[in-house]
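Beneath this line is the structure, given in structure tokens, with notes to follow.
The values are calculated or read from the model by the stated rules, or taken from the named source; none is laboratory data. On a predicted model such as this, the values are computed, not experimentally measured, just so you know. Note: ideal-geometry Cβ built from the backbone for every residue, glycine included; neighbour counts use all protein chains shown.
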Amino acid sequence: MKKIKTIARPNIALIKYWGKRDEKLNLPAVGSISITLDGISTKTEIWLTQDVDKFYLNEKIDIDEHSKIVPFLDYVRDFINDKVYFEIHSVNNFPTAAGLASSASGYASIAKGINQLLNLNLSDKELSKLARRGSGSAARSIFGGIVEMHKGNEPDGSDCYAEQLYSTEYFPLDVVVVITNTEVKKTSSRNGMLISKNTSPYYSNWVNNSEYDINAMKMALREKDFNKIADLSIRSCLKMHSVMMTSNPPLLYWNSTTFEIIKQIEDLFYEQNQPVFFTIDAGPQVKILTTPDYKKHLLKIIKKLDNIQDYYVLELGNGAEIIED
Ligand code: DP6
């Protein structure tokens with residue numbers, strides 16, 4: 001029996017994705033720019049089985065996760081026009097659903113595995129489109145380093161894909177993910193995006209400004225300008241959270257510790273001119289980014305933080321890969 005093993009890593013968006021232009025095809029309303037991480041990952045084993053899909057996450061069957069993956073696998077069956085079924089075992093070496101984009105690394109590793117298992121010979125661009133059907137951010141985890149997701153304009157999503165902008169060596173960044181709470185979030189990104197689209201008075205501004213943010217970040221990256229990268233990242237994050245907070249019902253993903261950390265990092269960057277910035281996704285964890293030179297100093301500050309549960313020190317990582325036996 002042919003069995004494929006893959007690995008993929010989560011990514012963190014510097015310019016955020018929030019909102020869809022098509023829910024059914026999972027097409028984002030805005031483009032995004034992310035970095036793929038190293039040090040945390042999802043490993044997946046996948047093989048063909050009979051009559052019914054089986055999905056194990058961290059060696060357990062999770063009804064919620066199972067109900068999300070079956071429509072993705074139905075799409076794969078449509079795509080190849082063949083009724084094949086899969087047994088998939090994915091294991092995360094970091095807390096699932098803790099705001100660390102486990103769906104990104106999860107679906108990227110599964111898409112990579114399906115491509116190999118069925119000899120589809122998809123290019124990485126096509127693979128990113130396949131991964132996107134599972135989760136928008138998963139399209140970005142197909143690639144390593146610094147990655148852009150194109151929202152595209154075509155109704156069928158043919159121009160909606162991710163691509164690598166720069167490899168891992170281009171701009172050395174260190175990332176500290178600070179865990180403030182490991183409870184599963186109340187509102188998933190998927191539901192939250194729909195709520196924001198339907199109710200936030202800021203949503204249309206968010207969508208209309210996104211191209212400017214993408215282009216500004218691409219220029220900052222081209223110039224290797226840390227301060228611009230930091231400022232654009234902080235503001236993209238806060239704009240996204242403004243849309244979230246002004247949704248109805250409000251989507252408040254932060255806790256008091258999240259806010260305390262933001263205040264400290266904001267002060268370090270904007271007042272003390274230190275090379276450090278934050279970004280936050282649909283959860284209370286804070287991702288702090290810095291240069292290798294400042295990392296030691298940053299870790300001293302993090303060790304003094306009150307009420308944090310844990311932290312991970314990470315670097316930039318590679319895209320999805322096949323693991324050879
Ligand atoms: C807040 O990729 O999880 O992390 O496409 O519905 O699966 P779906 O959403 P998902 O959204 C991630 C949103 C975010 C910001 C980002 O990563 O850009």
If you go through Lys54, Lys24, the only one that is under 26 Å from Cys160 (Cβ atoms) and out of contact with any helix residue (DSSP H, G or I) (no Cβ under 8 Å at 6 or more places or on another chain) is Lys24
Of the residues in the stretch 83-98, those that are in contact (Cβ under 8 Å) with a residue 12 or more places away in the chain and either part of a helix (DSSP H, G or I) or of a type outside the set (Ser, Thr, Tyr) (or both) come to Val84, Phe86, Glu87, Ile88, His89, Val91, Asn92, Asn93, Phe94, Pro95, Ala97, Ala98
Arg235 fails exactly one of (1) more than 20 Å from Trp18 (Cα to Cα); (2) within 15 Å of the ligand (Cβ to nearest atom); (3) not aliphatic (A, V, I, L, M), namely (1)
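To keep it simple, each residue is scored yes or no on (1) polar (S, T, N, Q); (2) within 20 Å of the chain's Cα centre (by Cα); (3) away from the ligand (no atom under 16 Å from the Cβ).
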residue	(1), (2), (3)
Ile88	no, no, yes
Asn93	yes, yes, yes
Leu100	no, yes, no
Ser103	yes, yes, no
Of the conditions (1) surrounded by 20 or more Cβ atoms within 10 Å (Cβ to Cβ); (2) among the hydrophobic types (A, V, I, L, M, F, W, C); (3) in a loop (DSSP other than H, G, I, E, B), the single one that Val177 does not satisfy is (3)
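For (1) within 15 Å of the chain's Cα centre (by Cα); (2) assigned to a strand (DSSP E or B), each residue gets a yes or a no:
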| residue | (1), (2) |
| --- | --- |
| Ala282 | yes, no |
| Leu289 | no, yes |
| Asp293 | no, no |
| Leu298 | no, no |
| Ile301 | no, no |
| Ile308 | no, no |
| Val313 | no, yes |
| Asn318 | yes, no |
| Glu324 | no, no |
Considering residues that are within 9 Å of the ligand (Cβ to nearest atom) and either surrounded by fewer than 19 Cβ atoms within 10 Å (Cβ to Cβ) or in a loop (DSSP other than H, G, I, E, B) (or both), the number found within the stretch 11-29 is 5
Checked Ile69, Ile33, Ile63 against criteria (surrounded by fewer than 19 Cβ atoms within 10 Å (Cβ to Cβ) and of a type in the set (Val, Ile, Thr)); the one match is Ile63
TODO: Return yes when Glu163 is in contact with a Ser or Thr (Cβ under 9 Å, 6 or more places away or on another chain) and either farther than 26 Å from Glu324 by Cβ or not assigned by TED's automatic domain parsing to the domain that holds Trp47 (or both) and no when it is not.
DONE: no
Q.
Checking the structure you have, find out if any residue of the stretch 104-117 is part of a loop (DSSP other than H, G, I, E, B) and surrounded by 24 or more Cβ atoms within 10 Å (Cβ to Cβ).
A. no
Screening Ser123, Ser188, Ser196 for residues that are small (Gly, Ala, Ser), outside the structural domain of Phe72 (by TED's automatic domain parsing) and surrounded by fewer than 18 Cβ atoms within 10 Å (Cβ to Cβ) leaves only Ser188
Expected output for the stretch 43-66 (first residue under 9 Å from Ser90 (Cβ atoms), partner at pLDDT below 90 and among the charged types (D, E, K, R), Cβ below 6 Å, 6+ apart or cross-chain) is Leu57/Glu65
Picked from the stretch 199-212 (must be more than 15 Å from the ligand (Cβ to nearest atom) and among the hydroxyl-bearing types (Ser, Thr, Tyr)), the residue surrounded by the fewest Cβ atoms within 10 Å (Cβ to Cβ) is Tyr212
Taking the stretch 132-174 and keeping only residues that are outside any loop (DSSP other than H, G, I, E, B), in contact with a Phe, Trp or Tyr (Cβ under 9 Å, 6 or more places away or on another chain) and away from the ligand (no atom under 16 Å from the Cβ), one is left with Gln164, Asp174
